[in-house]
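Down below is the structure, laid out as structure tokens.
The values are calculated or read from the model by the stated rules, or taken from the named source; none is laboratory data. None of the values given here were measured: they were computed from a predicted structure. Ideal geometry is used to build each Cβ from the backbone, glycine not excepted, and the neighbour counts take in all protein chains shown. What goes into the accessible areas is simple: the full protein's heavy atoms, side chains included, and nothing from ligands, DNA or RNA. Shrake-Rupley method; radii C 1.70, N 1.55, O 1.52, S 1.80 Å.
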Amino acid sequence: LYANIDGFTGREEEIPVSERPEIDRWILSELNSMIRDVTASLEDYDPTPAARRIDQFVNENLSNWYVRLNRKRFWGGELSKDKLAAYQTLYTCLESVAMLAAPIAPFITDRIFCDLNAVSGRHSDSSVHLATYPKADESLIDGDLERMMSLAQRTSSMVLALRRKVNIK
């Protein structure tokens with residue numbers, strides 16, 4: 001909704017990953033680690049770990065952490081460089097997840113891919129099933145950043161659990 005209001009199309013000049021905030025670099029690192037893991041599982045004809053890895057990325061990292069922590073970036077006024085970086089990062093994640101999950105969830109991923117592509121026009125393919133399967137960009141994987149964020153996530157979750165236990169908002 002916010003991207004539509006701001007006129008984001010996905011065709012804007014790409015902000016280099018090195019110039020994006022740490023949280024963007026983290027989720028792109030997680031994305032590329034997931035692409036690598038899912039590809040390995042599917043190449044081994046083992047779709048269950050692939051589906052679980054996609055689920056873990058979308059539910060835990062993308063939805064619960066990235067989108068939640070960046071809400072204010074999406075809400076802001078004009079389409080600033082920071083806001084554009086957030087939109088581009090989220091777009092890349094959604095597009096990649098749709099392409100990765102296509103063999104497992106063919107109909108919804110095709111809908112997501114086609115809806116994204118209708119705005120951006122990035123792909124000449126009319127379906128996610130005709131698009132080139134994504135490849136992990138190893139240069140974007142930062143294991144140290146992923147470990148640091150994992151530690152921050154676990155710490156935050158424990159603090160929230162303790163606060164819930166003693167009824168502190």
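When Leu94 is tested against (1) open to solvent by less than 60 Å² (accessible area, probe 1.4 Å); (2) at negative phi; (3) in contact (Cβ under 8 Å) with a residue 12 or more places away in the chain, just one condition goes unmet, and that condition is (1).
Taken over the stretch 123-139, the criterion of being within 17 Å of the chain's Cα centre (by Cα) and open to solvent by 40 Å² or more (accessible area, probe 1.4 Å) is satisfied by Tyr133, Lys135, Asp137, Glu138, Ser139. Go through the stretch 36-61 and count every residue that is under 23 Å from Leu84 (Cβ atoms) and in contact (Cβ under 8 Å) with a residue 60 or more places away in the chain. Qualifying residue count for the region: 0. Looking only at residues of the stretch 97-122 that are assigned to a helix (DSSP H, G or I), aliphatic (A, V, I, L, M) and open to solvent by 10 Å² or more (accessible area, probe 1.4 Å), we find that the one that is farthest from Ile27 (Cα to Cα) is Ala118.
Quick grid of which residues meet (1) part of a helix (DSSP H, G or I); (2) farther than 22 Å from Ala152 by Cα; (3) open to solvent by 40 Å² or more (accessible area, probe 1.4 Å):
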position	(1), (2), (3)
Arg25	yes, no, yes
Leu28	yes, no, no
Ala40	yes, yes, yes
Ala50	yes, yes, no
Arg53	yes, no, yes
